Amino acid sequence: MELGSATFVPSNLQAVASAPAPHLSTPAALRGALAATRPSTASLCSHSAGTALGLLLAGAVGGSRAARRKWAKRNSTARLVASVDAGIPVNQIEQPPADLREWRLRSAVQMKGDAWPTPKNDRLLKAARGEKVDRAPKWMMRQAGRYLPEYLEVLKTSDFFTVCKTPALAAELTLQPLRRYDTLDAMIIFSDILVIPVAMGMPCYMEPAKGPKFEFAIETPADLAKLNMKPDVPSTLGYVFDAIFWTRQRCNNDVPVIGFCGAPWTLMGYMVEGGAVSSFDRAKKWLYLYPEESKKLMAGLREIIVEYLVNQFDSGAPLLTIFDTNCGQVPPSVYEEFCVPDLKYIATEVKRQRPKALMSVFPKDGEIAWANDSDFDVVGTSWTTSPARARRDCPDKTLQGNLDPHLLYASPEEIMKRTDRMVKEFGVDKYIANLGHGMLPTHPVGGPSAFHEAVNKVSSEDAPTPTVAAPKAAASRGAPTMTLNLQDGASCSVPMTQAGATNMQKGLAEFVQMFKRKVEAVKPQKYDEFEFLWVQDTLSVEVFCNPNAFATIFDVKMFLTVKAGYIKVTSDIPLSSLQSDLEAYLAA
């Protein structure tokens, strides 16, 4: 199948997040859903790593050993079990000891940057490392969220950002899905990607029915001066690290706690837009209008992110995820230029500082082939990508995803049927079952149960990971070859069809006419970006240009991306050179 097209892409408030979090002093009592067994304090932090180390981390390290022993005696359990009523009244939520932060910091010093004791259920970590598992591990993005009645009960008593900043509440919301769905293989800490901009000096509040909103937006490069590009991460974001550590203690290290953050491009998008929006038009315009300032901002964010993730690992999160929710907002070539280098840097730098850390990335609605040549262990896929395509693009990585979240509205039978198909298409090895994006506020609580049941039923024997087939090229071998002259004297031969070259030539002609109108315009204005995409089998040619970056038609350069299977070539190419190459090819 051949596709070829040219398109012009159109370019009563709650508490402020920076307010201090309240300290709650409520009775400590877990409901009857907790088992009555009382193992030793070593079980709080150790499964197979040794009783001595477990005792050290659970109680011997910290400001008050008596408090450690009292807490362990009151709360040690064999397993959090499923319950129809998975919530705990707010006045009964377990409170951490007063010296929680000191306990965490002293424990981290003892660990010396090494991995924490292995969770009892380490299926997720094995899969992330590419090791054999009996079945695919599973969790759900936004699994702690508004679809859960018990979550809503907690949010009745406190605003969103105060919950994030209160370790007892953040831990409770993190644990709620595990109580309701007791075969989950991981928890993800309850927090928000926007805590980093808050730490940089952008106070944020939750606007009812709209979402998070900053007190100011980054409207021009001059606004960057308002930001603290080197915040004290351990101090300003210590509440996140405390919540991870406390959650790990409360679940008795049964399953791993996942840490996370937003990617530089996604964070920049929210900062420029001033909060949550339906589209990120202003952010995209900012990227094209101020490319150097954009790179500077994202480079600053990546350094904060590295420190933030390292501290999460030191607090007990063995798997660290970067969510790039806005990946699909820009063309692949632009993403490759502006965003990919920072993501690769983050993964490499975190692993340099913490070699045992496992890294995951989710470039929502975007291409993932770039991640196969990176230090990420796990690559998430949107529901828009087929399992076969994902395996071809990232044959060396563990993949995660990618059930359409809307399927959870369907009947249990339909959910199970489609989940079974998804798991078998991905294959159990080097795979983590998840959604293609997050849980929705209106999801029925029964939907995830069917999803989990279906994943549990597929064993590694039932669904071995399929062998990645070599890219097909037969369909394009017979086509004549077009030579594209790239920068620095390089060239690239592409087996393109006559129809594809003709469509590209027509698209460039339209672009030239638009550029002439731009030059002749009396009043300056912004013009839409030019995109051309031609696809045939595994071969694709993409051309992109931002006309606002050039003064005359003679200055115009197109950004060219050619892909053939696992091979990708990118290059700037003068418009006149591309036109000449097309004319020579069509005249042959």
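Key figures
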item	result
Selection from the range 151-179 of residues that are over 24 Å from the mean Cα position of the chain (by Cα) and either assigned to a helix (DSSP H, G or I) or under 25 Å from G447 (Cα atoms) (or both)	L152, E153, V154, L155, K156, A168, R179
Hits in the range 215-244 (condition: assigned to a helix (DSSP H, G or I) and among the charged types (D, E, K, R))	D223, K226, D242
So T385, is it open to solvent by 10 Å² or more (accessible area, probe 1.4 Å) and either part of a loop (DSSP other than H, G, I, E, B) or under 17 Å from M439 (Cβ atoms) (or both)	yes
Members of the range 181-209 found to be in a helix (DSSP H, G or I) and open to solvent by 10 Å² or more (accessible area, probe 1.4 Å), listed by number	V198, A199
Number of positions in the range 300-327 that are of a type outside the set (A, V, I, L, M), surrounded by 24 or more Cβ atoms within 10 Å (Cβ to Cβ) and part of a helix (DSSP H, G or I)	5
Neighbours by Cβ (under 8 Å, 6+ apart or cross-chain): first from the range 322-351, at positive phi; second open to solvent by 10 Å² or more (accessible area, probe 1.4 Å) and modelled with pLDDT under 95	none
Counted residues, the range 395-406 - those being modelled with pLDDT of 95 or more and either of a type in the set (F, W, Y) or in contact with a strand residue (DSSP E or B) (Cβ under 8 Å, 6 or more places away or on another chain) (or both)	7
Test: residue in the range 270-286 that is under 30 Å from R104 (Cα atoms) and polar (S, T, N, Q)	no
Failed criterion for P212 (all others in (1) assigned to a helix (DSSP H, G or I); (2) touching an Asp or Glu at 6+ places or on another chain (Cβ under 8 Å); (3) closer than 30 Å to K526 by Cα; (4) not hydroxyl-bearing (S, T, Y) hold)	(1)
Residue satisfying condition, being in contact with a Lys or Arg (Cβ under 8 Å, 6 or more places away or on another chain), closer than 28 Å to S294 by Cβ and of a type in the set (G, A, S), within set S333, S374, S360	S374
Selected residue (criterion: nearest to A217 (Cα to Cα)) from residues of the range 276-299 that are assigned to a helix (DSSP H, G or I) and among the aliphatic types (A, V, I, L, M)	A283
Condition check for P221: modelled with pLDDT of 95 or more and more than 23 Å from the chain's Cα centre (by Cα)	yes
Any hit, the range 417-434, residues being of a type in the set (F, W, Y), within 21 Å of L125 (Cβ to Cβ) and in contact with a helix residue (DSSP H, G or I) (Cβ under 7 Å, 6 or more places away or on another chain)	yes
Considering residues of the range 454-466 that are at pLDDT 85 or above, more than 25 Å from the chain's Cα centre (by Cα) and surrounded by 16 or more Cβ atoms within 10 Å (Cβ to Cβ) only, the residue farthest from G145 (Cα to Cα)	S460
Any hit, the range 392-399, residues being more than 27 Å from S540 (Cβ to Cβ), crowded, with 24+ Cβ neighbours inside 10 Å and not aromatic (F, W, Y)	no
Cβ pairs under 6 Å, 6+ apart, first in the range 407-425 and under 17 Å from M439 (Cβ atoms) and at pLDDT 95 or above, second open to solvent by 70 Å² or more (accessible area, probe 1.4 Å) and assigned to a helix (DSSP H, G or I)	L407/R418
Filter result (in a loop (DSSP other than H, G, I, E, B) and farther than 20 Å from R135 by Cα) within the range 388-422	C394, D404, A410, S411
Selection count, the range 525-568, where residues are surrounded by fewer than 20 Cβ atoms within 10 Å (Cβ to Cβ), more than 16 Å from P331 (Cβ to Cβ) and among the hydrophobic types (A, V, I, L, M, F, W, C)	6
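The values are calculated or read from the model by the stated rules, or taken from the named source; none is laboratory data. Because the structure is predicted, anything quoted here is derived from the model rather than measured. Methodologically, a virtual Cβ is constructed for each residue, glycine included, from the backbone with ideal geometry; neighbour enumeration extends over all protein chains shown. These accessible areas exclude ligands, DNA and RNA; they are computed on the full protein's heavy atoms, side chains included. Shrake-Rupley method; radii C 1.70, N 1.55, O 1.52, S 1.80 Å.
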